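Novice: Take a look at the following structure, please.
Values in this text are rule-based calculations from the coordinates and carry no lab data. From a predicted model like this one, the values you see are computed outputs, not experimental measurements. Here Cβ is always computed from backbone atoms with ideal geometry, including for glycine, and neighbour counts include all displayed protein chains.
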Amino acid sequence: MHDTPVRLDDAAQRSVTGLLARLESGEQLSREDVRSLLGPVGEALATQAQRTAARVNRLRRRDGELSALIASTRDLVEVRDVQALLKRLVDRAHDLMGTDVTYMSLYDKDIDELFVRASRGTVSPRFPGLRVPAGMGIASRVVRSMTPHWTADYGDDDHFARDPEIDAAIVEEHLRSLLGVPMSANGEVLGVLFAADRAPRAFSGEEVALLSAFADHAAIILHTARLFSAVTEAADRAERAQARAEHHIEAMNASARVHERLTALVLSGHGPREVAETLAESLGRAVAIADRENRLVAATEDGVGRWWTQGRLIASAVEAAERSRASGHCADVGARGLDVVAAAISGTSLLGLLLVGEGRAPLTDVERRTIERSGQIVALLTMQRDALTVAEERVRGELALDLVSGVADMDALERRAAARGIVLDQPWTGVVVPAPDAARRVLLRSLAAADPRWLVTAQGEGVSVLVPGADPRVAAEEVRRRGGAAAAAPLLAVASRSAAPAEIAPVLAEAWECAGFLPALGVADGAFQADDYAPYLAMFGADGARALAYVDRMIGPVVDWDDRNRTDLAATITAYTDSGGSVTRAARTLYVHPNTVKQRLERLTALLGPDWRSPDRVFRVAVAARLHRLRHRAERTR
């Protein structure tokens with residue numbers, strides 16, 4: 001139940017309205033700004049207003065960067081002249097990064113050298129056409145490693161080989177800090193894109209990621225422009241050729257039109273199905289698109305289902321996909337009506353597959369190139385969707401992390417959750433999944449995409465998942481099922497009891513304690529509920545090794561006897577204690593005669609001593625027997 005809201009007077013409403021307007025504008029606020037708008041307010045409110053203003057400003061900046069990246073595609077795909085395209089690309093990068101200078105060096109693989117072909121913000125006459133010899137400068141390091149490189153102060157950095165001409169141009173331009181990222185398409189290095197400032201500075205991770213994303217995007221556009229240029233040259237030659245060459249020109253033009261249609265589809269927000277249908281219409285063949293895990297995403301005919309067996313792409317198609325990924329071209333399959341596969345790649349990263357069925361006639365060279373270019377469209381579509389997914393996961397992950405930390409302001413959390421369509425004011429079940437560093441990112445992405453109602457974040461030694469309302473045991477089993485499918489390995493999922501948002505942090509801590517306790521007993525796979533192991537945690541904490549030592553100390557002779565004689569006296573202890581010391585009820589539980597139970601009890605007395613059935617001792621022995629049963633069950637399932 002909430003208290004009846006207090007109505008603000010007109011002056012207070014104007015103050016709050018002014019504050020919200022300043023927040024909406026993305027303007028940074030100081031404590032003095034907050035107090036000038038709201039009057040004398042507490043330190044907590046002033047601090048929260050500052051933090052909210054900073055977050056709004058950061059989100060507006062991210063939105064602007066993403067909008068600029070997408071908007072540049074609409075502009076650049078219309079440019080056919082390569083030199084004009086280079087200039088436009090550099091201009092876009094300059095506007096996006098906001099640095100003093102932006103320039104692009106194209107790579108000539110035949111002589112292993114780079115040449116500056118376009119720049120923005122330069123004043124030195126040395127820069128246009130500047131040659132970078134093999135192995136010299138930051139540009140060569142970027143080409144060799146295919147990774148970004150930067151220097152905070154070029155003049156003081158001795159981690160790369162220098163060339164006098166390059167140094168002279170840099171000094172003449174007064175450049176100090178430089179960031180270079182690779183431009184590559186279909187596994188081929190096209191060049192290096194640079195952002196530079198005339199003052200020493202370090203480049204942030206966000207700046208490196210932003211320029212790298214634009215470089216990948218620019219490389220695809222530049223590669224496409226070069227292909228269009230090649231098509232135009234072929235068309236000029238074909239006009240002077242005979243009928244066969246004229247037919248070839250028409251085929252190339254048709255390929256270009258298909259490519260333009262596919263590009264327009266992606267830019268207008270359409271998805272994989274529309275891309276597949278457009279290509280299928282052009283080729284007169286069945287077309288399917290698969291994601292980076294080879295799972296079917298879109299198809300134009302029901303018959304393409306033959307290309308998968310029990311959800312797995314057929315082996316011959318997987319092998320062809322690897323050949324295509326390595327070569328950057330279509331690879332033949334010729335099985336189950338599947339003709340060729342083209343890998344959708346960015347650099348060396350596989351982003352999906354384009355699968356084309358058999359037709360009445362073999363594919364022409366032009367049709368193969370059309371399929372390969374369409375693979376680039378699939379790659380662009382995947383990158384766009386990945387960017388949106390990463391942004392959404394980041395926002396939801398930050399919300400989840402603040403919730404499980406237990407220190408965030410609940411009112412602020414509820415407002416942030418409501419903005420994402422999440423009802424925070426309800427019971428939540430926390431499920432913790434331990435995972436090594438190498439597998440944590442894949443697990444995090446998989447669980448974040450598993451259910452839009454879940455809140456997922458990295459925490460401690462693994463991942464925490466908040467499931468709204470669900471029964472803890474059901475929640476643990478569902479998280480383990482979804483996560484195990486992605487990890488393809490044993491997975492341990494431990495659920496807390498359901499709790500209100502403000503109580504999530506402590507109950508989740510109990511689940512993490514249980515997740516740390518179970519592996520020491522040999523339990524590395526399965527779905528569990530922390531409350532089931534609360535007594536053991538109370539006795540031993542998260543120290544599973546201490547629990548095992550307790551088992552050895554209390555019933556070690558019984559365990560040794562069972563191992564040597566292939567008996568199960570430990571189970572007799574559990575049945576006997578569970579039945580309240582009744583031989584008859586224990587016999588029914590074990591499905592044996594009461595005399596057999598008596599004989600086993602005599603053996604236990606011989607192993608444990610005559611007082612093992614005293615009230616205090618039998619309690620300890622029973623606990624040890626239960627722990628042993630848990631360890632023994634885990635050993636049998638491995």
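Novice: Please report the relative contact order for the stretch 544-637, taking Cα pairs under 8 Å with a sequence separation of at least 6, and give it as a percent rounded to a whole number.
Specialist: About 36 percent, as a whole number.
Novice: Additional query: Taking neighbour counts of Cβ atoms within 10 Å as a proxy for exposure, in what order, fewest first, do His628, His270, His159 appear? Numbers along the way, then the final one.
Specialist: Details: His628 26, His270 15, His159 8.
Least to most surrounded, the residues fall as His159, His270, His628.
Novice: How would Arg564, Arg600, Arg497 line up from fewest to most surrounding beta-carbon atoms within 10 angstrom?
Specialist: With the fewest neighbours first, Arg564, Arg600, Arg497 line up as Arg564, Arg497, Arg600.
Novice: Size of the dipole of the stretch 426-528 about the Cα centre, Lys and Arg at +1 and Asp and Glu at -1 on the beta carbon, nothing else charged, in debye to 20?
Specialist: Working: 9 positive and 10 negative charges, 63 e Å.
That gives the stretch 426-528 a dipole magnitude of about 300 debye.
Novice: Related question: How big is D, in µm² s⁻¹, for the stretch 467-544 by Stokes-Einstein at 25 °C and 0.890 mPa s if Rh is the Kirkwood radius over C-alpha pairs?
Specialist: Rounded to a whole number, D works out at 192 µm²/s.
Novice: With only Lys, Arg, Asp and Glu charged, each at its Cβ (+1 for the first two, -1 for the last two), find how big the charge dipole of the stretch 564-638 is about the Cα centre; round to the nearest 20 debye.
Specialist: That gives a dipole near 320 debye.
Novice: Just rank Val465, Val340, fewest to most, by other beta-carbon atoms within 10 angstrom.
Specialist: With the fewest neighbours first, Val465, Val340 line up as Val340, Val465.
Novice: Something else: Can you divide the C-alpha Rg of the stretch 77-227 by 2.2 N^0.38 Å and report the result to two decimal places?
Specialist: 0.95
Novice: Given the options Ile504, Ala458, Gly522, identify the residue whose Cα lies farthest towards the positive end of the charge dipole of the stretch 426-528 (+1 on Cβ of Lys, Arg; -1 on Cβ of Asp, Glu).
Specialist: Ala458
Novice: Still on this structure, I have one more. Under a point-charge model restricted to the Cβ atoms of Lys and Arg (+1) and Asp and Glu (-1), what is the dipole moment magnitude of the stretch 257-385 relative to its Cα centre, in debye to the nearest 20?
Specialist: The dipole of the stretch 257-385 has a size of about 160 debye.
Novice: Taking the square root of 5 times each eigenvalue of the Cα gyration tensor, what semi-axes in Å does the equivalent ellipsoid of the stretch 257-385 have, largest first?
Specialist: 19, 16, 15
Novice: Ok, one more. Along the positive direction of the dipole of the stretch 263-323 (beta-carbon charges: Lys, Arg +1; Asp, Glu -1; about the Cα centre), which of Ser268, Leu313, Ala298 reaches farthest?
Specialist: Going by the charge dipole, the pick is Leu313.
Novice: Please report the spacing between the Cα centers of the stretch 88-140 and the stretch 536-613 in Å, no decimals.
Specialist: Answer, in whole Å: 77.
Novice: Considering only DSSP states other than H, G, I, E and B, which chymotrypsin sites (Phe, Trp or Tyr not before Pro) in the stretch 134-242 qualify as loop sites with at most 11 other Cβ atoms within 10 Å?
Specialist: Filter output for the stretch 134-242: empty list.
Novice: Counting Lys and Arg as +1 and Asp and Glu as -1, what is the net charge of the other residues whose Cβ lies under 11 Å from the Cβ of Pro362?
Specialist: Result for the neighbourhood of Pro362: -3.
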